[in-house]
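Down below is the structure, laid out as structure tokens.
Values quoted throughout were computed directly from the atomic coordinates according to the rules given, and no laboratory measurement underlies them. Not measured: the values here are computed from a predicted model. In this analysis, Cβ positions are derived from the backbone assuming ideal geometry, glycine residues included, and neighbour counts consider all displayed protein chains.
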Amino acid sequence: MKRICKRLTVLLLALCLLAGCAASGSGAQTADSTRYKVALVAKSTQTDFWKAVFVGAEAAATEYNMDLTIDGPDTEEDYETQNQMIADAVASGAQALVFSAIDYDANAPAIEAAAEQGVKIVVIDSAVNSQKVATYIGTDNYSAGQMAAQAALRGATGDLKVGIVNYDINSANGQDRERGAVDTFAESGRAEVVATIHTLAEATSARADTLAMLQAHPEINVLLAFNEPTSVGAAQAVEELQLQDSLCMVAFDSNLETVDALQTGVVDALVIQNTYEMGYFGVQSAYKLLAGQRNDVEKHVDTATRIINRENLFALDSQKVLFPVS
């Protein structure tokens with residue numbers, strides 16, 4: 001009887017060891033399977049703005065051990081290519097999508113289709129017309145437009161005649177910035193928006209269109225531009241017409257051209273967004289959604305925005321936000 005009990009004990013121990021090994025193997029497989037696949041589809045891959053976003057996204061992907069792909073069209077007007085990139089990402093097994101919409105409405109069907117396949121949707125920078133979005137991470141764009149107008153009101157005296165250089169009219173973030181600026185100017189009682197243009201989000205087009213606007217409206221003494229390419233092109237137009245001493249310009253985003261324009265007086269203030277955080281928190285949120293941590297994901301995350309001018313340009317904290325990836 002004792003011998004039988006001993007044999008049973010040995011057998012049970014062996015079974016426990018085998019079960020432990022199986023559990024260990026199963027655990028390793030689970031660990032591998034939780035290396036989630038995330039696709040970031042941006043408006044563009046060309047500008048310093050997006051390059052800084054990508055650095056933040058890659059940092060989060062490394063920290064959370066995720067497979068991250070990054071893609072975007074050549075121009076910030078090509079929503080059709082964006083839609084194809086979304087479909088391709090889903091077909092390649094992406095479990096979450098971090099996305100910035102070129103067109104608020106035209107990008108919505110592709111996002112809806114991805115969500116129908118079970119893909120988690122995180123939007124950064126620019127919103128899309130879909131109820132399937134789990135969270136938005138980025139600038140409070142209406143507030144950023146207000147900040148730009150307030151900087152112009154502080155930087156110019158007397159009555160203001162305002163020209164606005166905006167990009168794609170169907171892009172939600174640009175329209176929110178414009179509304180914020182226009183409302184602030186109207187409330188001031190001393191500013192009138194005399195001309196608004198919607199140009200391609202590239203410096204060459206923005207320069208040509210701004211030149212035409214300034215020549216058609218010589219009364220303009222305040223100029224606002226709402227993203228990096230339009231800011232570069234508009235600043236080039238101001239410098240070409242030698243208006244820097246008679247015109248107050250407020251621009252968005254930082255690269256070598258806009259910062260140089262700030263130093264030389266062509267630009268009077270820059271509205272700087274926290275691009276690194278957009279990328280980092282976008283991918284971090286994707287991880288939390290996939291890992292079942294939905295309660296830890298806020299519906300709206302406002303990344304910091306600040307004004308940089310010649311007075312605070314060389315402060316250490318200003319340099320950090322101007323050159324987040326240097």
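Using alpha carbons only, how many angstrom separate the centre of the range 46-68 from the centre of the range 91-150?
Centre-to-centre distance over Cα atoms comes out at 17 Å.
Pop a pseudo-label 7 angstrom from the Cα along the beta-carbon direction at both Q242 and E192 and give the gap in nm to one decimal.
2.8
How far is helix 228-240 tilted off the main Cα axis of the chain, in degrees rounded to 10, range 0 to 90?
20
Suppose the chain between Q117 and H300 were pulled fully straight at 0.36 nm per residue; how much longer would it get relative to their current alpha carbon spacing?
Going from the current span to full extension adds 63.5 nm.
In the chain, with Lys and Arg counted as +1 and Asp and Glu as -1 at Cβ, which of these residues, H198, A152, Q175, has the Cα nearest the positive end of the dipole, that is, farthest along it?
Going by the charge dipole, the pick is Q175.
How much mean residue ellipticity at 222 nm does the chain get from its helices, if each DSSP H run of length 4 or more adds -39500 (n - 2.57) and you divide by all residues, to the nearest 500 deg cm²/dmol?
Helix contribution divided over all residues of the chain: -16000 deg cm²/dmol.
Which order do the peptides 295-302, 165-172, 63-70 come out in when sorted by mean C-beta neighbours inside 10 angstrom, highest first?
Per-residue Cβ counts within 10 Å, averaged per peptide and sorted highest first, yield 165-172, 63-70, 295-302.
Taking a 21 Å limit on the Cα-Cα distance, which of the listed pairs K51/K120; K132/K299; K120/K320; K43/K132; K37/K320 fall beyond it?
Among K51/K120; K132/K299; K120/K320; K43/K132; K37/K320, the Cα-Cα distance tops 21 Å for K51/K120; K120/K320; K37/K320.
What share of all Cα pairs of the chain, in percent, falls into each consecutive 20 Å distance bin?
31, 46, 14, 6, 3, 0
Express in whole angstrom the spacing between the alpha-carbon centres of the range 288-315 and the range 219-246.
So the two Cα centres are separated by 28 Å.
Pairing the Cα long axis of helix 275-290 with the longest principal axis of the chain, what angle in degrees results, from 0 to 90 and rounded to the nearest 10?
So the inclination is approximately 30 degrees.
From the Cα gyration tensor of the range 141-273, with a ≥ b ≥ c the square roots of its eigenvalues, which class applies: rounded if a/c is under 1.5, or else prolate if a/b is larger than b/c, or else oblate?
The shape class here is rounded.
What is the angle, in °, between the Cα long axis of helix 79-91 and the longest principal axis of the Cα atoms in the chain? Nearest 10 is fine, range 0 to 90.
For helix 79-91, the angle is close to 10 degrees.
Each label point is 7 Å from the Cα along the Cα-to-Cβ direction; what then is the distance between the points at T34 and Q293, in nm?
Between T34 and Q293, the simple spin-label model gives 1.0 nm.
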